[in-house]
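To start, the structure under review is shown below, and the notes come after it.
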Amino acid sequence: MSQVPSPALTPVVLILGDEELLVARAVTDTAAAARVVDPAAELREMDADTLLVGELAEALSPSLFGGRRVVVLRKGQDAKKDVAAMLLDYVKAPDPEVTLVVAHAGGAKGKAFADALTKAGAEVVPAAKITKHRERVDFVTSEVRRLGGRCQADAAEALIEAVGHDLRELAAACAQLIADTDGRVDAATVARYYRGKAEVSGFAVADAAVAGDLPAALEALRWALHSGVDPVPIADALADGVRTVARVASAGRGNAFQLASTLGMPAWKIEKAQRQARGWTPEGLVQAMRAAADCNAAVKGGEEDRGYALERTIAAFAQARAGGSR
């Protein structure tokens, strides 16, 4: 017996973008919604670049046995003219028992087809590639919230530094943290779960050093060196960290997005430096920059114990932050 269509189900869904995780999630969510109405709903997937009009017509035709169907058409930007024409004609009066999902990579190729689907009333699900740091931070905080937890921006940044930029890995890490905690994810939680992975980059060493956290900076340095990180990028990160704080501090208070164009830095980096600048004096920053310059000379000039040169610089940062020139 045929199921009664739900008014909540959109007959045509356009997934616009090429971020694999977001595309896959949109397909899964659409199929799940259809199966709430009909648990036996059939899922068919096909590629637009190889699809024949006859195959498409058969997929979109009412089933002889009744029941819902979800038809997923991938590579919509590569749809042949006859296939695109048939789809645009179909969406004028879609079958109420069929949910059509068109995955389109976005961009210029096939844009007219995507625009026509949108104009015809297709529900558009954004799935554009995430390329900006702030977007990744927003993704992590949203993902934790979607899973029923809470996550601040600093914890999201720590998780990105620990896991990397791949959305699938970030989503898996969020799920793991929520499963293993009470749902409140902070920077300390991330450090506890990813210690030894998050602390192998030069920037992790620099962040702790600029914050004046001597034990954490030294521990991060040892992890980094033990993991095979070359001392040169660590020295560069230390120099970049203190220079960034000095530049942002000298710019005065202000909105990070307004300062971004003036300083030539992304807003997220300015926000981070503004937090790190608290507790530094101008004299202390000058001392730290001198220490960073000496460190660069020692590490790149071939000092025999480059690890000790880095440790010495981290200690100098902590002393400069604590006392400035006093």
**Charge dipole magnitude, Cβ of K and R +1, D and E -1 - the chain, Cα centre, debye nearest 20** = 960
**Complete:** Between K129 and residues 5 or more places away or on another chain, the pairs with built amide H atoms under 5 Å apart involve D18, E19
**Prompt:** What does the helix-only formula give at 222 nm for the chain: each DSSP H stretch with n ≥ 4 adding -39500 (n - 2.57), the total divided by the residues, and the result rounded to the nearest 500 deg cm²/dmol?
**Reply:** -18500 deg cm²/dmol
**Fill in**
Quick calc: nm separation of the 7 Å Cα→Cβ label points for A175 and T281 -> 5.2
**Complete:** the chain: relative contact order from alpha carbon pairs under 8 Å, six or more residues apart, as a whole percent, is 14
**Fill in**
The answer for E45, listing residues at least 5 apart or on another chain whose modeled amide H is closer than 5 Å to its amide H, is V72
**Item:** Contour minus Cα-Cα distance for V37 and L52 (0.36 nm per residue)
**Value:** 2.4 nm
**Fill in**
When the chain is treated as a Gaussian network with springs between alpha carbons less than 10 Å apart, the largest mean-square fluctuation among R136, R275, R150 is found at R275
**Prompt:** What is the antiparallel percent of DSSP beta bridges lying wholly in the chain, to the nearest 5?
**Reply:** 0
**Asked** Considering the chain as a Gaussian network with a 10 Å cut-off on Cα pairs, which listed residue, H165, H226, H104, attains the greatest mean-square fluctuation?
**Response** H226
**Request:** Assign one of three labels to the chain, namely rounded, prolate or oblate, based on the Cα gyration tensor with a ≥ b ≥ c the square roots of its eigenvalues; rounded applies when a/c is under 1.5, prolate when it is not and a/b is larger than b/c, and oblate otherwise.
**Result:** prolate
**Complete:** 1/(1 + (r/R0)^6) with r = Cβ-Cβ of T28 and A116, R0 = 25 Å, i.e. FRET efficiency to nearest 0.05, evaluates to 0.45
**Asked** Karplus couplings for region 42-55 from phi (6.51 cos²θ - 1.76 cosθ + 1.60, θ = phi - 60°), rounded to Hz, Gly and Pro as x?
**Response** 7, 10, 10, 10, 8, 9, 5, 6, 10, 6, 9, 4, x, 5
**Fill in**
Once phi for every residue in region 26-35 is put through the Karplus expression 6.51 cos²θ - 1.76 cosθ + 1.60 (θ = phi - 60°), the whole-Hz ³J(HN,Hα) values, with Gly and Pro written as x, are 5, 5, 4, 5, 5, 5, 5, 5, 5, 7
**Message:** What do you get for trypsin sites (Lys or Arg not before Pro) in region 39-108 restricted to DSSP loop and a cutoff of at most 13 other Cβ within 10 Å of the site's Cβ?
**Reply:** K92
**Estimated vicinal HN-Hα couplings, Hz - region 231-243 in sequence order (Karplus 6.51, -1.76, 1.60; Gly, Pro = x)** = x, 4, x, 5, 4, 4, 5, 4, 5, 5, x, 6, 5
**Request:** Determine which residues of region 305-319 fall in the zone a paramagnetic label at R290 would reach in this model, i.e. backbone nitrogen under 17 Å from the point 7 Å along Cα→Cβ.
**Result:** 312-319
**Complete:** Using alpha-carbon positions, the gyration tensor of region 133-194 gives root eigenvalues a ≥ b ≥ c; with a/c under 1.5 called rounded, otherwise prolate if a/b exceeds b/c, else oblate, the class is rounded
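Throughout, read-outs are computed from the coordinates displayed, never taken from laboratory work. In this text the structure is predicted, and so the values were computed from the model without any measurement. Note that each Cβ is placed from the backbone with ideal geometry, even for glycine, and that neighbours are counted across all protein chains shown.
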